[in-house]
Amino acid sequence: MNQTAFLLLERPVSWGEAAFGFAGLVLLLLSLALLSSWRSGRRHAAEAGAAAERAREMDDKVAEMNRMQAELTGRMQTMAEILSTRQGDLARLVADRIDGLRQQVGSGLEQNVRQTTEHLGKLQERLAVIDSAQKNLTELTGEVVTLKEVLANKQARGAYGQGRMEAIIRDGLPAAFFSFQPTLSNGRRPDCLVTLPGDGRGLVIDAKFPLESFTQLRAARGEQEKKAAAARVRGDVGQHIKDIAERYFLPGETQDMALLFVPSEALHADLHEHFDDLIQKAHRARVMIVSPSLLALAIQLMQSLIRDARMREEAQVIQSEVGKLLDDVRRLGERVDKLDTHFRQAQEDVGLIKTSAGKVTGRAEKIGALEFDDGPGSQPSLPFARETRLKAAE
């Protein structure tokens, strides 16, 4: 419209054209106003419809929200109830777990205390054992020192070997089969003489042993010292073997073998390991070198021989007693036979007595069956009637 007015203002028009143009302008303005009004109404209607639609949607959404809120409220209540129940269960479970844990901890502590007390008790016992062992060790140390002093003295050492040998023999043999320090017919006195049953000859056991040479051998350091000490051992032990063979072998009085007692297993092992020539010399001289264990074994063998001899002696006594027992049994059988004969005879007599008693009883019954009428006014029975009644009774 502004462009049209500008064009009208540019050129000069007439009145008619102006009126026609004005009418057209008015018409145009009316058309524009109507169009604008129509558009405005349509827009207002559209906006009203949109607003109504939005209002309906809003109502639907509000209703949906209310419904959802109601559902959410119900769910919240349900969840609250469930949560309350679960919370109660959880509280009970936690309480149970705490009680169980408390009990476990209490029992564990009690068990630990008990175990600790037991361990302490055992520790005290072990300490007491250790104290006792230490005390015994101290006493043993003193005894070892005393033993060293004893072994340093030749006479005391001989007494020690003699005592050990006597202890072994006393433990294994009866007192009637050995004697210590007996006097032989040649005036010699061996350390022990063992007499076996069935042989009047005694077995000589000598407990004197040269220990100084072995002590010197163990103390030797150089090669020359060791050779000199070994030579001394050979000389001393060889001379001792020779003395035993010359002094204690008496025909008819002692056995043709003797025992040389070495009071130490270590010395016996050294002899067999390093001095085989001495062992062979002793065998040739019929002298057996024995340690404490070998002497105990020999004593056990002697004990078996003594036991066998006693069993043979006892067997003879048993045989004699068994013979006497057989005689007694034989006499008992004869007396039983005689008693059986008397019993049979008495049984026969009893049978005869029973037969006689039966006859007497029968006759008494017969007599009891008779009728005797001897009252006043009664008639005497005729012999025929009496005989008839007797027959009837029979």
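Computed values, structure above
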{"item": "Every residue from region 216-238 that is in contact (Cβ under 8 Å) with a residue 24 or more places away in the chain and open to solvent by 60 Å² or more (accessible area, probe 1.4 Å)", "result": "234"}
{"item": "Counted residues, region 246-295 - those being farther than 15 Å from residue 164 by Cα and in a loop (DSSP other than H, G, I, E, B)", "result": "9"}
{"item": "Set 331, 310: member being touching a residue at least 12 places away in the same chain (Cβ under 8 Å), part of a helix (DSSP H, G or I) and either touching an Asp or Glu at 6+ places or on another chain (Cβ under 8 Å) or surrounded by 10 or more Cβ atoms within 10 Å (Cβ to Cβ) (or both)", "result": "310"}
{"item": "Of residues in region 277-307 being among the hydroxyl-bearing types (Ser, Thr, Tyr) and within 26 Å of residue 236 (Cβ to Cβ), the one least open to solvent (accessible area, probe 1.4 Å)", "result": "291"}
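The values are calculated or read from the model by the stated rules, or taken from the named source; none is laboratory data. If you're wondering where the values come from, they're calculated on a predicted model, not measured in any experiment. No Cβ is skipped: glycine too gets one built from the backbone with ideal geometry, and neighbour counts run over all protein chains shown. In case anyone asks, the SASA skips ligands and DNA or RNA and just uses the protein heavy atoms, side chains included. Shrake-Rupley method; radii C 1.70, N 1.55, O 1.52, S 1.80 Å.
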